[in-house]
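The values are calculated or read from the model by the stated rules, or taken from the named source; none is laboratory data. It should be emphasised that the depicted structure is a prediction, and the values quoted were computed from it without experimental measurement. All Cβ positions, glycine included, derive from the backbone under ideal geometry; neighbour counts span all protein chains shown. Note: areas computed on protein heavy atoms with side chains; ligands, DNA, RNA excluded. Shrake-Rupley method; radii C 1.70, N 1.55, O 1.52, S 1.80 Å.
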Amino acid sequence: MRLATTLLPFTLLAASASANLATDAFGWASSLVSSSNGEAQASKDGEVRTMDSWSYVDCGLATDAIQIKSIAVKPDPPVPGENLTVNVDADVLETIEEGAYADVTVKLGLIKLLQKTFDVCEEARNANATVQCPVKPGTYSVSQTVELPKEIPKAKFSVAVRGYTVDDADMLCLDLFVDFMKKPGTLN
């Protein structure tokens, strides 16, 4: 599967790369499937952000180069076979340069479906993202729309995204959980 077309569970990183990688990461989560037994770790501010059928944990540090402020998807919950728009608001604290990368792991329960390293700047270029490397410090809002495959299995996905600068310093940490077993508008 292509990272940009599947939303590398978050075309995540480097602001655009942060939103883009985040978008790709989430897309992969959405299209590959992975599970979290309903447990999520607390973020640096102690909050697990939970929506109807998905949630995320900003597991990064206050010193990470990218600080995620919010992630929103439309429709919420995501629907297989439909377009998914992911909006990410983030602060970039230091310049994100060529060579920044993200390690992405997608799981279904304990089964690892994907483990891959992505070049954040290359993914942003390939996705034609509005923010490109080098990404200067500042506040960014990035939106990415992708079509989710209608063949997404009814299952729970978990996606771990760990981003690093060209110097291997922590850039971003994000855990995503997507539940395609829930039907929109139900409580179970």
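Here are some notes:
- Using the Karplus relation 6.51 cos²θ - 1.76 cosθ + 1.60 with θ = phi - 60°, the per-residue 3J(HN,Hα) values for the range 87-100 come to 10, 10, 10, 8, 9, 9, 8, 9, 4, 9, 10, 3, x, 5 Hz, with x marking Gly and Pro.
- Entry note: the range 67-163 has Rg to Rh equal to 0.98, where both radii use alpha-carbon atoms and Rh is the Kirkwood radius.
- Around the amide H of ASP76, modelled in the peptide plane, lies no amide H under 5 Å away from a residue 5 or more places distant or on another chain.
- The overall shape of the range 64-118, judged from the alpha-carbon gyration tensor, is oblate: a/c is not under 1.5, and a/b is no greater than b/c.
- Backbone phi angles across the range 68-81, fed through the Karplus curve with coefficients 6.51, -1.76 and 1.60 (θ = phi - 60°), yield HN-Hα couplings of 6, 9, 6, 9, 9, 10, 9, x, 10, x, x, 10, x, x Hz in residue order; Gly and Pro are listed as x.
- Estimated FRET transfer efficiency (THR130, ASP103; beta-carbon r; R0 25 Å; 0.05): 0.55
- Net lengthening on full extension, THR95/MET181 (0.36 nm per residue, minus Cα-Cα): 27.0 nm
- Probe 1.4 Å - accessible area at LEU114, Å² to nearest ten: 30 Å²
- Neighbour cut-off at most 15 other Cβ (10 Å), DSSP loop, trypsin sites (Lys or Arg not before Pro), the range 124-166: LYS150, LYS154
- Distance between the modelled labels on ALA62 and THR117, one decimal in nanometres: 3.1 nm (7 Å Cα→Cβ projection).
- Share of carbon and sulfur in the accessible heavy-atom surface of the range 98-188 [1.4 Å probe, %]: 51 percent
- DSSP-assigned coil residues among GluC sites (Glu not before Pro) in the range 76-176, each with at most 16 further Cβ atoms within 10 Å: GLU82, GLU94, GLU97, GLU98, GLU151
- Each residue of the range 113-119 is assigned a 3J(HN,Hα), and the resulting list reads 8, 8, 9, 8, 9, 10, 7 Hz, derived from the Karplus form 6.51 cos²θ - 1.76 cosθ + 1.60 (θ = phi - 60°), x at Gly and Pro.
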